[in-house]
Amino acid sequence: MNNDKTLHIICHDVPWPADYGGVVDLFYKLKALYEEGVKIKLHCFDYGRGQQKELSKYCEEVNYYKRLSKWRSISLTKPYIVKSRENPLLLENLLKDDHPVLMEGIHCTAYLRQMLLSERKVFLRLHNVEFFYYSQLFQSEKNLFKKIYFLNESMFLRQYEKKLPEEVPVIAVSNNDAVFYRDELDKNLTTYLPVFIPYTDVKSLEGIGTYCLYHGNLSVAENEKAVVWLLDRVFSLAKVPFIIAGKDPSKRLIRKIEKNKNAIIVSNPSDTDLNALVNKAQIHVLPSFNKTGIKLKLINALYNGRHCVVNDEAVEGSGLEDACHIGTKGYAMASIISQLYHHPFGEEEINLRKRLLGQIFNNKANARQLIQLIW
């Protein structure tokens, strides 16, 4: 099937190992397209993850590129995340044939207009409404220099995203982002296609767990902000054990957690340890302050954990609302946690998740939908 179909895919980072949210969709999309017979010419920017043999299992070609230096990436017309990926060798390789091009994220659009001028079929996979995402990073960040960068990048991205050519089909990871691009930015060729994920079966355990859990990359300011908010607004009211697990927490955050007698931190857990924490938790508490994109940590919890308590921003427009308990304020989340803490997670909830998640996150069906869109 589809053995005659060849596709260039440009990735903002090396998509293996699939160990953070920004590359999970990329890697499992590669795998799903390969399994449908698509020949993939992969182009990825390496800034620390290195060349990965695993990618050659699914790609006909794997090309690696360096990003430009910070000084060479200064531009009056392009955001830093775009300009720094403007590598002439990438353009040269793309122009060697006339196969369609899938650009993974705004980051990879440096040569979008050149592709259109060469009458290529070009598609943009939208990971977030980037200017909104960077605005949220600006609001969450404590470091002054990073705040200035995020604010400046957000303003650049707002103009850049508005000016994206209307003839380019955009494929959003969330329905909210698709609606925003169509209604607010007049990108009428925007559609929604769910993220590609590593999970195929709901493996949530029945019964009762022994703690609440928040997990995520704790070096990201937005995630640190969520943990601080939970400690101040939720677990100051809900006096139950609370574990925070994730990568590279700041000393400031560690000190904050240590002041709460019911909270402990697990820094840089192995995959095995994190999976065990997810499986054994009674409640996953996963608020978000960012409406754009999709929350992969929540998808993980829905496939592998018990009760999930979130706020509106974490699930709005995701289709996952029915599988979660939603609290709009801190005191509401604390009340829900108190009610659920001794409430067994059972077969009914598991069956609901199987139906709901199976309809949305079907890699094979979604790969076929993407193939149909491109060809």
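Miscellaneous remarks
- Counted residues, the range 23-45 - those being of a type in the set (D, E, K, R) and touching a strand residue (DSSP E or B) at 6+ places or on another chain (Cβ under 7 Å): 2
- Among residues of the range 98-126, those that are more than 21 Å from residue 372 (Cα to Cα) and either open to solvent by 20 Å² or more (accessible area, probe 1.4 Å) or more than 27 Å from the chain's Cα centre (by Cα) (or both), counted: 5
- Residue within the range 129-138 that is among the aliphatic types (A, V, I, L, M), touching a residue at least 40 places away in the same chain (Cβ under 8 Å), farther than 17 Å from residue 6 by Cα and assigned to a helix (DSSP H, G or I) present: yes
- For the range 1-59, the candidate set comprises residues that are outside any helix (DSSP H, G or I), among the small types (Gly, Ala, Ser) and in contact (Cβ under 8 Å) with a residue 12 or more places away in the chain; within that set, the residue that is nearest to residue 199 (Cα to Cα) is 18.
- Residue among 238, 263 that is on the phi < 0 side of the Ramachandran plot, buried (at least 16 other Cβ atoms within 10 Å of the Cβ) and touching a Phe, Trp or Tyr at 6+ places or on another chain (Cβ under 7 Å): 263
- Per the listing 225, 297, the residue uniquely out of contact with any strand residue (DSSP E or B) (no Cβ under 9 Å at 6 or more places or on another chain), part of a helix (DSSP H, G or I) and either open to solvent by 10 Å² or more (accessible area, probe 1.4 Å) or at pLDDT below 95 (or both) is 225.
- The strands (runs of 3 or more DSSP E) found entirely in the range 139-217 that carry 2 or more residues being within 30 Å of residue 342 (Cα to Cα) and open to solvent by less than 10 Å² (accessible area, probe 1.4 Å) are 212-217.
- Exactly one residue out of 41, 53, 57 is of a type in the set (D, E, K, R) and open to solvent by less than 50 Å² (accessible area, probe 1.4 Å), and it is 41.
- Yes/no for residue 70 being open to solvent by 10 Å² or more (accessible area, probe 1.4 Å) and out of contact with any strand residue (DSSP E or B) (no Cβ under 8 Å at 6 or more places or on another chain): yes
The values are calculated or read from the model by the stated rules, or taken from the named source; none is laboratory data. These numbers were taken from a predicted model, which means no experiment stands behind them. Every residue, glycine among them, receives a Cβ derived from its backbone with ideal geometry; neighbour counts consider all protein chains shown. Only protein heavy atoms, including side chains, enter the accessible area calculation; ligands, DNA and RNA are left aside. Shrake-Rupley method; radii C 1.70, N 1.55, O 1.52, S 1.80 Å.
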